[in-house]
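The block underneath contains the structure these notes are about, expressed in structure tokens.
The values are calculated or read from the model by the stated rules, or taken from the named source; none is laboratory data. Computed from a prediction, not measured in an experiment: that's the story for all the values here. All Cβ positions, glycine included, derive from the backbone under ideal geometry; neighbour counts span all protein chains shown.
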Amino acid sequence: MKIIGITCSPRPKSNSRYALEEAFKTLKNEGMETEIFDMNKLDVKPCQGCDFCKTNDEQKCAVKDDMQDIYESLKTADGILLASPIYMGQLSAQAKIFLDRLYAYFMSNWTEKYGAKKVAILITQGQPGKDLYKTNIDTYIFNFENIVKFQVIGTQVLTENNEPAAITEKDEQIEEAIALAKKFL
């Protein structure tokens, strides 16, 4: 089984990336193949709304950038663990670009050809309330399930992580991230 991680924080000492990496250590120990894509370090442009993906038979996006590597990995992946901080009440801009670029997946017959993927969403935020940004998180769940036709197997919100690397001292939150990742097993 192969799970890809999409980390969407611009911070060098990202709390969401750290939690993702710790969760992936557990998956690797269980014999799963993992691969991480860092959206902030990749050259991934926003969707151009050109509809090339729905008008060609090759199931490809017209935008030639690093998203092509993610598409290739998605072909053989069983699932995605999306890790993002909350900025201004929403998942990061990098997470939004990733979701928007899945439009090419939705507009072609990728799901029929490569299968529906399982998705888990791991969120870090500075605020203490786990449900504070539920509306935004529910929008991502809706889009993954109803538009892209992937199965969301869980979400986890890790709170009070406003400072870079704050989560490294929070073993209970790392355990929550690992528990989310174990849903892929």
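Observations on the model:
- Test: residue in the range 103-113 that is in contact (Cβ under 8 Å) with a residue 12 or more places away in the chain and in contact with a strand residue (DSSP E or B) (Cβ under 9 Å, 6 or more places away or on another chain): no
- Residue match in the range 109-129 (condition: of a type in the set (D, E, K, R) and buried (at least 17 other Cβ atoms within 10 Å of the Cβ)): yes
- Just one of (1) farther than 22 Å from residue 39 by Cα; (2) touching a helix residue (DSSP H, G or I) at 6+ places or on another chain (Cβ under 6 Å) fails for residue 169. It is (2).
- Of the residues making up the range 93-120, those that are among the polar types (S, T, N, Q) and within 11 Å of the chain's Cα centre (by Cα) number 1.
- Identity of the residue in the range 121-161, under 14 Å from the mean Cα position of the chain (by Cα) and assigned to a loop (DSSP other than H, G, I, E, B), that ends up modelled with the lowest pLDDT: 148
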